1. Let me check something: with ligands and nucleic acids excluded, how do Thr337, Thr557 order by accessible area (1.4 Å probe), largest to smallest?
2. Give me the 1.4 Å probe accessible area per residue for region 57-139, excluding ligands and nucleic acids, in Å².
3. How far apart, in nanometres, would the label points at Gln200 and Ala282 be if each is projected 7 angstrom from Cα along the Cα-to-Cβ direction?
4. Could you sort Phe132, Phe606 by their accessible area in this structure, using a 1.4 Å probe and putting the largest first?
5. Filter the cross-link list Lys94/Lys360; Lys144/Lys359; Lys463/Lys503; Lys417/Lys449; Lys316/Lys345; Lys94/Lys349 down to pairs whose alpha-carbon distance in this structure exceeds 18 Å.
6. Does region 142-245 come out rounded, prolate or oblate by the C-alpha gyration tensor, with a ≥ b ≥ c the root eigenvalues, rounded set by a/c under 1.5 and, if not, prolate when a/b is larger than b/c and oblate if not?
7. Roughly how many nanometres apart are two label points built 7 Å out from the Cα toward the Cβ at Tyr318 and Ser459?
8. Given +1 on the Cβ of Lys and Arg, -1 on the Cβ of Asp and Glu, and no further charges, what dipole in debye does region 77-203 carry about its Cα centre, rounded to the nearest 20?
Amino acid sequence: MIKNTDLLVITHAKLRTHKIRTGVTVLLASLLFGALISISLITTGGLRSVEQFREDGLTGRYIVSVTPAPKQNETQSTMRDPALVDAAKDRYKKLVDEKTAEANKLNLPYSQALDAPPYAKSTDGKGDRLQFTDPNGIVNDILKNKFGQEPAINDTELLAVANSYHATRLFHSTHYAVPTDSSLEAFADGKEIFYDRSDQEETNASYRKSLIDGSSLPIVPDEIIASFLLPGAAGWQPDGDSLPIVLPQNIVEQLLDLKSPADNSSPEVKLNYLKNLRKQAADLSVQACYRNSASLSLIQQTIQQDKEIKANIDNKDYKKPSLIYELPDAKSCKNPTIASDQRTKDEIKHDDNQAIFDKKFGNTTDPLSHFVTFKIVGISPIQTDEPRQNMPKQAANLGEIIDELLSTNSIGQAIPKNLYEKLSDEHKVQYEDILTYQPTYIFGREDNKQRFVEFANSSDAQKFIDDQGCTTQIDNTCAPAGRSYQLALAFTNSSALSDSQQKASNVLIYSTLIVVAFAVLIMWITIGRTITDSRRETAVLRAIGFKRIDITLIYTTYTIILSLFVTLFSLGIGFATATVADHTLSPDLTARAQYAFGGLDTAKQFTLIGVDAHQLTLIVVACMITGLLSVIMPLALNVRRNPIRDMRED
C-alpha cells in the first residue's frame, strides 16, 4: 500500500505537469459551478428580500375574496313571479290614484303616462314581468320585502366551509357610495366646472375625474388597511371636522402637485421622493363638494337657462323666464341663487304646490350642497383606471418580476374602520349623505359586505378556490353549477412567491444537472488525457511494485484536489458575481420594491445576496461528484492495461 507522503508527492507532481491544460480545466469548470452558486445566492437573496417586504403587508398573506354566485334562473323566476307582479300592479294602481287625487287637490296637471308602470310584457309573450327600471321604486320595495331580511351570504355557513380548508379568519369591508343621482367631487385646484351635461360635446371637453371617488367609499378593517396608514394616522382626530381616508399614491401626488421621478432616475432620487411624499401627505386634507340630485338639477337648469337667454339675446320676441338663477362661485360648493324673480302670485303658488306634490311622493326637492373634508391618513399603491387583469403583460426583467411579487391591487381609496368607529354617533350623522347604500336585489339576496377568508398558506387558499368557487359565464350562470361562491385571491398575487420559489428551485436543479454534465465532459477529457499521457509513468510504477489500488489512489487524489480547486474558485466566482449584482441592482430594486409594495417602512433594503446552506452544500457536493465521475472510466481502462506493453509502445 502506498504511503500517504508518497501519494501526495506524486499527486503534486502531476498537478505541476500540463499546467495550461489543468488551469483551463479548472477555469472552465469553476465558471460553470460559479454560475450555479451566483444563481443560488441571487435568487435566495431576492426571494428573502421579497419576503421581508411582504411580511408587514397584504402581499405576504393568502386572502380570498368571497362573493355570492349569480343565480340567473332564480332571477328570471323571481321577475316573472305572478304573485310579485300582481303586487306591483296593485301598488302601481294605488300610487296613480293617490297622485291623481293629490294633483287635483293642488290644482296640478298629472297624467298616468308620466309614470311608467313597474311591469311589462315578457319578451316571450308569456305573461308580465317586473321592470328593473321602475322610477317609483315599487319593484325595489317588493324585492326588498322578499330578499332584504337575509344577508347575501350566510357567514356561519361560509366559515364552516372555509374552516375545513384550515382558514384562519373571516372578515369583511362595508361598501358605501353617494346616491346614484348625487355627486361628490374634489379637484386639486378646488374649483368645480359647470357644464351642460346634456351636451355630449361640452361634456367631453369639460369633464374632469374627481380625485375623490364618490361611487366607492368602503369602510375597511385593519386586516386590510393597517399597513398603508401613516404614522399616528397623520394626526387625525375624531372631532367630526374631517373623515379619515386612505388615497392611492397617484391621487396624493395630484393633490400635492408632485410628479413622480422618471423611470431612469437614480434609486436615491426615487426613495427621497417617496419619503418626501409621505412627509407632505401627513399634513394633507382635501375638500370635496357634495350635491344631491336637486342641487345637480338646479345647476343643470341654470346652465341651460343661461344658454337659452344668450342664444336669444337678439330675439325681440323672446321672453325670459320669470325665475332666473345664477351659478355659484366655482369654489363655494353652494347652490345657484335667484338672480331675478318676476313670477306672479299664481306662478309662485303653482311652484309651491309642485314642491309639496314632489316631496309627498318621494322626490327630492330641496337642493343640498356642502363641503366634506377628508383627512389623508394613509397612502395606498398607485391605482390605474385599467384593471390589472386587462393588462396581461409578462414581466420582462428582474425589476418587473419584483413589481409583480410585491404589488398590491384593488385597495384604492378606503376609510379605515378602526378610525371611523372612533367618531361619535353625532359626528357620523354628518356623513350620512355620502355613506349610503342602495340595494337593487336584482340577483336576489344582497348586502354591502365584501367578505374575505384568510389562509395560512397558498395551497389551502388555492384548494378552497378550486373546490368551492365558480366562474361567471356569458349567460350570467356560474360554472361548475351548484356552487355558492365566486372566489379569487384578493389584493395581490400572494401565491406568486411560492410559485417563484418552486420555479427557482427547479431551475437550479436542472441547471445543476446541465452543469454537471458539461463539467464531467470537460474534466473527463482533461483527466483522461492526463492518464493517457502518463501510461509510461504508470507502467514504471507498476513495474517497481505499485499495485492497481495504488494507481487508483493517485489519480483519485489528483481528481479530488482538482475538484477542490474548482470548488474554491467556484465559490469565489459565485460570491464575486453576486456581490457585483447586488451592488449594481440593489439600490434600484429597493426603490422599485418600495413603489410596488406601497408600504411605509422605507428603511427596508432589497439585497441580492442570500446564503442557502442546503443549496450551496448540494452544489459543492455536485462539484466533487463531478470530478469523481470524470475519472472513473479513464482510470478503469488505464489500470487494466498491461504495463510491459505500455512501456514497449511508448
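The values are calculated or read from the model by the stated rules, or taken from the named source; none is laboratory data. This structure is a prediction, so every number in the text was calculated from the model and none was measured. Please note: Cβ atoms are built from the backbone with ideal geometry, for glycine as well, and neighbour counts cover all protein chains shown. Note: areas computed on protein heavy atoms with side chains; ligands, DNA, RNA excluded. Shrake-Rupley method; radii C 1.70, N 1.55, O 1.52, S 1.80 Å.
1. Values: Thr337 75, Thr557 25 Å².
Ranking Thr337, Thr557 by accessible area, largest first, yields Thr337, Thr557.
2. Working: 4450 Å² over 83 residues.
So region 57-139 comes to 54 Å² accessible per residue, rounded to a whole number.
3. 5.0 nm
4. Working: Phe132 95, Phe606 0 Å².
Largest to smallest exposure gives the sequence Phe132, Phe606.
5. Those over the limit are Lys144/Lys359; Lys463/Lys503; Lys316/Lys345; Lys94/Lys349.
6. Working: a/c = 2.71, a/b = 1.50, b/c = 1.81.
Oblate shape, in that a/c is at least 1.5 and b/c is the bigger or equal ratio.
7. Reported label-point gap for Tyr318 and Ser459 is 7.7 nm.
8. On the way: 15 positive and 22 negative charges, 137 e Å.
Its charge dipole is roughly 660 debye.
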